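Structure first, commentary second.
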Amino acid sequence: MSEEGEPGWEVDPDDEWGLAVIATVGRQLRLRREAVGMRAADFGKAVGYGEDMVYKVESGKRIPRPEYLDKADKVLDARGLLAAMKEDVEKVRYPKKVRALAEMEAKAVEIALYDPLNIHGLLQTPEYAQALFTMRRPAITQDDIERAVKARTSRKSVFARDPAPELSFVLEEWVLRRPLDGRSLLRQQLQHALEIGQLRNVEIQVMPMDRPEHAGTEGGIEVLKFEDGSAVGRSPGVANGRPVSEPRHLRILELRYGIIRAQALSPRESLAFIEQLLGET
């Protein structure tokens, strides 16, 4: 890709915190550039981007990539002050909804997840996630794909927490058999699922296609429980898919999820099943 290309991502207009962060970063970049007496055109050439893109970043209309800030720091002799802003900028790159979900996952002590359409995002390899986003229709831009993949994979930090939360996944057999973007990608994904499933705080269960009864016909389920006893859940079949914390709604979600788990293979049987699929793929 030419260095004249996009130096960042569009800012979500509904993300007030993100807009404020990017406006501050842009203002600091402009003030530093002006302090050293460098024109936008000359600065753009020095960092490898067009003048128009420099103005977009400085006016808070674009989210600069980490390498943009690194180059700006060197060119403007900022001694690490500009590069230090990468941490906040990195958070803004992820959509507001994803950040909110990641924050809840980071605090949850129990996480229960059922996705009837795909291998759940927390279990996806970056390559599998990229294949899914690439297949979206109408097609999304390469920048949006990259941003979405990074947002999804960033949530995997939940597995590295100490103390670790208890995680439960129920996966449909058919999504484990679907060779999205080729069998080699599926093999990689199945192997990754096996590795995650062997963690002592993780239970993965598979719902076989031949089950005559299935309590998950109303869509996916997500329930997060916190140390203070509170919880939040979400499912298309409850409250129109909005996050809920009311006991009456949570009871329905937990009831459905419990029945789904009872109908699925046990965790031990499920890992053996995934290992068998891996051998067949």
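With the requirement that a residue be of a type outside the set (D, E, K, R) and out of contact with any Ser or Thr (no Cβ under 9 Å at 6 or more places or on another chain), what does the stretch 217-231 give you?
T217, L224, F226, G229, listed by residue number.
One line per residue, one yes/no per condition, for (1) part of a loop (DSSP other than H, G, I, E, B); (2) more than 30 Å from V202 (Cβ to Cβ):
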residue	(1), (2)
M53	no, yes
R79	yes, yes
E103	no, no
P138	yes, yes
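If you scan the stretch 260-272, which residues turn out to be surrounded by fewer than 19 Cβ atoms within 10 Å (Cβ to Cβ), within 28 Å of the chain's Cα centre (by Cα) and touching a residue at least 40 places away in the same chain (Cβ under 8 Å)?
S266, P267
How many of the residues in the stretch 64-119 are among the acidic types (D, E), touching a residue at least 24 places away in the same chain (Cβ under 8 Å) and at negative phi?
5
Somewhere in the stretch 245-255, is a residue touching an Asp or Glu at 6+ places or on another chain (Cβ under 7 Å) and modelled with pLDDT under 95?
So far as the stretch 245-255 goes, no, none of its residues is touching an Asp or Glu at 6+ places or on another chain (Cβ under 7 Å) and modelled with pLDDT under 95.
Kindly check whether there is at least one residue in the stretch 32-43 that is surrounded by 18 or more Cβ atoms within 10 Å (Cβ to Cβ), touching a Pro at 6+ places or on another chain (Cβ under 9 Å) and assigned to a helix (DSSP H, G or I).
No, the conditions are met nowhere in the stretch 32-43.
For the stretch 156-205: of the residues being part of a loop (DSSP other than H, G, I, E, B) and among the hydrophobic types (A, V, I, L, M, F, W, C), which is farthest from the chain's Cα centre (by Cα)?
It comes out as L199.
So which of L113, L132 is part of a helix (DSSP H, G or I) and surrounded by 17 or more Cβ atoms within 10 Å (Cβ to Cβ)?
L132
Taking the condition farther than 16 Å from L69 by Cα, in contact with an Asp or Glu (Cβ under 7 Å, 6 or more places away or on another chain) and either at pLDDT 80 or above or among the β-branched types (V, I, T) (or both), does A35 pass?
Spelling it out, it is not the case that A35 is farther than 16 Å from L69 by Cα, in contact with an Asp or Glu (Cβ under 7 Å, 6 or more places away or on another chain) and either at pLDDT 80 or above or among the β-branched types (V, I, T) (or both).
The values are calculated or read from the model by the stated rules, or taken from the named source; none is laboratory data. Just so you know, these numbers come straight off a predicted model, no measurement behind them. Backbone-built Cβ (ideal geometry, glycine too); neighbour counts: all protein chains shown.
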